[in-house]
1. Determine, from the Cβ-Cβ distance of Glu133 and Gln372 and an R0 of 56 Å, the FRET efficiency 1/(1 + (r/R0)^6), rounded to the nearest 0.05.
2. Kindly state, to the nearest 0.05, the FRET efficiency for Glu46 paired with Arg354, given R0 = 60 Å and r defined as their beta-carbon distance.
3. In a Debye calculation with equal point scatterers on the alpha-carbon sites of region 226-363 and no solvent, what is log10 I(q)/I(0) at q = 0.16, 0.17, 0.21 Å⁻¹?
4. May I have the extent of the alpha carbons of region 334-377 along their three principal axes, as whole Å values ordered from largest to smallest?
5. List the pairs from Lys80/Lys140; Lys45/Lys124; Lys184/Lys362; Lys184/Lys214; Lys60/Lys102; Lys188/Lys281 whose alpha-carbon separation is above 25 Å, in the order I gave them.
6. Please identify the chymotrypsin sites (Phe, Trp or Tyr not before Pro) of region 265-330 that satisfy two criteria: DSSP loop assignment and at most 15 other Cβ atoms within 10 Å. Which are they?
7. Can you compute the charge dipole magnitude of region 207-265 about its Cα centre, using +1 on each Lys and Arg Cβ and -1 on each Asp and Glu Cβ, nothing else charged? Give it in debye, rounded to the nearest 20.
8. Over the Cα atoms of region 134-239, Rg to Rh with Kirkwood Rh, two decimal places?
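Rule-based calculations on the coordinates, nothing more; no lab input. Just so we're clear, the structure is a prediction, and the values are computed from it rather than from any experiment. With ideal geometry, Cβ positions are generated from the backbone for all residues, glycine too; neighbour counts draw on all protein chains shown.
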Amino acid sequence: MEEMISQPKEGTTLDPWLIQPWGDVEGDVPTVPPELEAMAYEVIKEYDMSVSELLLITTKPDKGGAIWKIQTNHGPRSLKVLHRTPARSLFSVGAQQYLVEKGARVPALIPDRRGELSVERGGKLWIVTDWIEPLTPAAKVDLTGAQQLCFGLGEFHKHSQGYTPPKGAVNATRLHRYPMSYYKILNKLDWFRHIATLYSDLPASQKLLSLISKYEQQARNAMYTLEQSPYKELVQRGEATWGFAHQDYGWSNGQVGPDGQIWIIDLDGVAFDLPIRDLRKLMTSTMEDMGQWDLAWIRGMIDAYHQSNPIEPELMQVLLIDMAMPNEFYKHVKEVVYAPELFLTAETEAMLDRMEATDATKWPALQELGAQILEAPADWVPSLKAHLVPASNQSLALDTTGVVSPELAPEIAPGIAPRIAPRIAPGIAPGIAPGIAPGIAPGIAPGIAPGIAYEDAPSITPEQPLVAAEELKSFDNLITSIPAATNSVLPNYQEWVDNLREQILAMRKTPTPASIPSFPTKAPAAKKPSASRRSSASERTFSSDWNHKEPESKSIVERAQEILNNTSLNLELNTIPQVGQLSPYTQELLNKIIVKRKERRRT
């Protein structure tokens, strides 16, 4: 979508306007709010350049982001508002600058008048970069284009090794989260089964039900094999060793530039990870588009990547395990959770038929590649221990800029960290989101995390006083002493960690009076996403009842201890649900669906 923007509208006020999502992802939103348009001009003033024209190229109305092409006295440039939190975006800005300095083919960042690489306005970071043109998609008609993409991806990953985030940035990492990611898919497949059962009269329901057990077994086998693989040893090498992955690499974000080489754009989602994550996504999505797993293409893509960034045998094992997961099935079917009646159509049934046919060609190809996927025993229960960050990384650091930089393992206590202290944000938030409510109403609570679907989320305000260094030390001691402090109710701490995500979501919720401080001992109810998958801007604002701060007399450690004590006493430490069983949260979801259907029938 493109729109010419001449000048900000008269009378538009910027302060204290904060950038919020203004539409749904499915909607055609050819414009941005006038406040954002005016803010773009204010940001331009921070740079040593004159701008003769702004062209709105694309928007992310569901997230609050936008990109303009600007004509300047230095040539065409890009102006972009990054939709993530400033601390999370700072990680990406630092990563892009690191790549530029290493000679990678990514757009160069333009410093502002202060020499800074970003400008903060409206609660978001803005960047200006070179506009690379022309950019042409790699050819999809033969293997050559795919190999070119993979070679460029390998170069990107090679250049990213050794990166250290700047002070004040979130340590965005997915390196240790493969088990949690696999478990999320396994858990959601059970959701799909129960939803399809409830909507059994819809066209695609029976087809979906016929496939669930097969894909569940695939997920169990892959997760079981991952536990026996070199994965744990690989991730222990650390983030700097592996560098970061793009996380959204494909035919649109990797394109052929004016020099005939692959240039990589849209880097705002990069995060530390095993490099094969991007390669796996590119290969499996390409095979899905082709309608079959073509062994020549797969080998050609792996070989091209290997030329620019060699894949060691142990990493190759993890790549093949990741390819064995039912990733494409999950990616396409997860929409059923948001709007079953709109999703389970005849078109979806036809899509499932095509996916089933493609999946039949997947396993011979994996076998030819040397994949050895183990059969999970019937009594095997998934373990989430492997995703925890080593103890050396479980700390918070007070940096020289006066911002608390969270480096605490994101899932060391899923469901508790974002509610512990007003200053432990926005860094921990993006990392723990998938461990709290994966896939449920992303982005409802701005500033906390995409994925925390609380109806009335507690306010986490970065403006509150900084935590003293000695208080941070006490907080670290609190985290490491949890087993002793809660021994009476948590005799097995590791089991408690593994089950906490499920149990936090399962806790019953009650309305909280305005007199109660902003850190409740029980989580508010998870909000059911609308058919559009995203909440409106009005839904994303916090209830005023939750905007009350903790008394300043209470320290972060006192607040944390109070939450830990109250929460642990209310948890029912059930084991992870087996295949076919309902977790409390799943039961709650299905109950809501039943009520919704009854209401529709009445009307």
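1. 0.75
2. Details: r = 50 Å, r/R0 = 0.83.
My answer for the efficiency is 0.75.
3. Result of the Debye calculation: -1.01, -1.10, -1.39.
4. Result, largest extent first: 41, 24, 14 Å.
5. The pairs that break the limit, which is 25 Å between Cα atoms, are Lys80/Lys140; Lys60/Lys102.
6. Working: sites: Phe272, Trp293, Trp297, Tyr305, Phe329, Tyr330; in loops: Trp293.
Within region 265-330, no chymotrypsin sites (Phe, Trp or Tyr not before Pro) qualify (loop, at most 15 other Cβ atoms within 10 Å).
7. Working: 5 positive and 6 negative charges, 67 e Å.
With only Lys, Arg, Asp and Glu charged at Cβ, the dipole is about 320 debye.
8. So for region 134-239, dividing Rg by the Kirkwood Rh gives 1.11.
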